[in-house]
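The values are calculated or read from the model by the stated rules, or taken from the named source; none is laboratory data. Computed from a prediction, not measured in an experiment: that's the story for all the values here. Cβ sites come from the backbone with ideal geometry, for glycine too, and all protein chains shown count toward neighbours.
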Amino acid sequence: MFLSAEFVINSILLGIGLAMDAFSVSLANGLHEPRMSRPRQFFVAGSYAFFQALMPLTGWFFVHTIVETFRVFEPFIPWIALALLAFIGVKMIREALEERKEAASGGPEAAVHTATLTLGALLIQDVATSIDALSVGFTIAEYGFLQALVCALIIAAVTWVICLAGLFIGRKAGTRLSWRAGILGGVILIAIGIEILVKSFL
């Protein structure tokens, strides 16, 4: 059946599994930018959701067109994710250390985070946290296009909700952690990249 209970449940579980990296990054972003507005939170979470839906569909398309080319590319996916997340993580840590110096010279009030997530950094995070979802195209290869599309939309909805939760939790903690949140967020991003790489060898 096109929209059987099993299909919906499997899509939701798939979405939860894929959204974990995006959740961790959302948590880091919330820590780094505790004053993030509600519309901005919706936009950031929506960007993760969009890419988490796009990547499985792209993988599905590859499976049905240029599968051999994709299989050659697949081993490099964890390394790409690690490089992207490490780049953003190191940048976040460096900015936090600079903020620490400013706080030390400007008094305790200067220690409050004012940094914002740039569009470029967000796009890099989008790709880094969703690129491994390309492989999902193989797991849904037996689906028709409409089934694959609905599955991707369910994954997007699940990701959006989970990432909003990550941003909320991160913002609440970030308000109290001040510049230390930037270092923690950067470490989280680098750890996610390492985890993606390690999982690829298991």
Open item on the list: Of everything in the stretch 1-26, what is more than 23 Å from residue 124 (Cβ to Cβ), touching a residue at least 12 places away in the same chain (Cβ under 8 Å) and among the hydrophobic types (A, V, I, L, M, F, W, C)? Give them in sequence order.
Closed with: 2, 3, 7, 8, 12, 14, 16
- [ ] Confirm whether residue 146 is part of a helix (DSSP H, G or I) and either at pLDDT 90 or above or more than 25 Å from residue 82 (Cα to Cα) (or both).
- [x] yes
Open item on the list: Looking at the structure I just gave you, is residue 51 farther than 25 Å from residue 122 by Cβ, touching a residue at least 40 places away in the same chain (Cβ under 8 Å) and aromatic (Phe, Trp, Tyr)?
Closed with: no
Task: Filtered residue count, the stretch 114-143, keeping only those that are farther than 19 Å from residue 66 by Cβ and without any contact (Cβ under 8 Å) to a residue 60 or more places away in the chain - done: 5
Open item on the list: With modelled with pLDDT of 80 or more and either surrounded by fewer than 16 Cβ atoms within 10 Å (Cβ to Cβ) or farther than 22 Å from residue 88 by Cβ (or both) as the only criterion, which of 118, 114 stands out?
Closed with: 118
- [ ] Go through the stretch 150-178 and count every residue that is surrounded by 24 or more Cβ atoms within 10 Å (Cβ to Cβ) and either more than 26 Å from residue 55 (Cα to Cα) or modelled with pLDDT under 90 (or both).
- [x] 2
